[in-house]
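Colleague: This is the structure I have questions about; it appears just below.
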Amino acid sequence: MAGAAEERGPGPAEGEQRQEQHVACQVFPERLAEGKPGQGFLSSFFNNNRKCQLMLLKTLETSSRMLGRALRSPLGLSTPIQENLCAITNQRVYRPLLEQDPYVKLLLDAMKHSGCAVNKERHFSCEDCNGNVSGGFDASTSQIVLCQNNIRNQSHMNRVVTHELIHAFDHCRAHVNWFTDLRHLACSEVRAANLSGDCSLVNEIFRLHFGLKQHHQTCVRDRAILSILAVRNISKEVAQKAVDEVFESCFNDHEPFGRIPHNKTYARYAHRDFQNRDRYYANI
């Protein structure tokens, strides 16, 4: 569902493939032996895996104490390697009391409210991935895969987790036929591109994409099409047709945000409104 991916069938031009893209449900379309490292790449694998775990923890948690526990061995004792890693990543990852990403916070609360509480150990997996994929939602296992060899920094991790949690939320709240109904996949990709911040002004500037009239809608449509092409061996015309058929209704489906969260401020307002809505219905 989320990630940067090279094409496995007909799709966007080579220049578009190099841009960060977000990919869809059973995602890659295959996982590399469930994330096990390839021979000769053990060192880079474990370094990437630890970095991925740390960034994921920062995305999901607010407590520095929890991060400290994650860096300890099963016996509760820090190893020299872990201590060095903590020192190296201190400036980027290990900052006490950092505020949790508001997009992720709302989605985690919404998943729990819908009866699909998310567990870090069960529902997230840091793995090496083919091509330029950044992550995906594996509907067959209800697991979010984070591509440790391709996620570049903390903000990238936050966007990928947010994108994938939107797919997980859709999987939880509706009977989504990820593999048999292309329109279902297209709808979730439209929603993920629209609500995750993929099409924020800052991201579009970095992609050198500019526009005035309905630029956000254009970005959402384009990102959804690219995501479908990354995981389905279909023509671009077929992907465009599927997105066009569902675009209006799915673009206007803002659950659980209740609005398009164009930035973190909007996401915080959306989370506040979600909590108030929950309290309101609880008292009826």
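Colleague: Could you order the peptides 151-161, 241-251 from most to least packed, using the average number of other C-beta atoms within 10 Å per residue?
Modeller: Numbers: 151-161: 21.1, 241-251: 17.9.
With the highest mean Cβ count within 10 Å placed first, the list reads 151-161, 241-251.
Colleague: What net charge is computed for the residues neighbouring ALA110, neighbours being all others with C-beta under 9 Å from the C-beta of ALA110, Lys and Arg scored +1, Asp and Glu -1?
Modeller: Overall, the nearby charge balance is 0.
Just so you know, all these numbers are worked out from the coordinates, no wet-lab data involved. What you see is a predicted model; the values in this text were computed from it and never measured. Glycine gets a Cβ as well: all are built from the backbone with ideal geometry, and neighbour counts include every protein chain shown.
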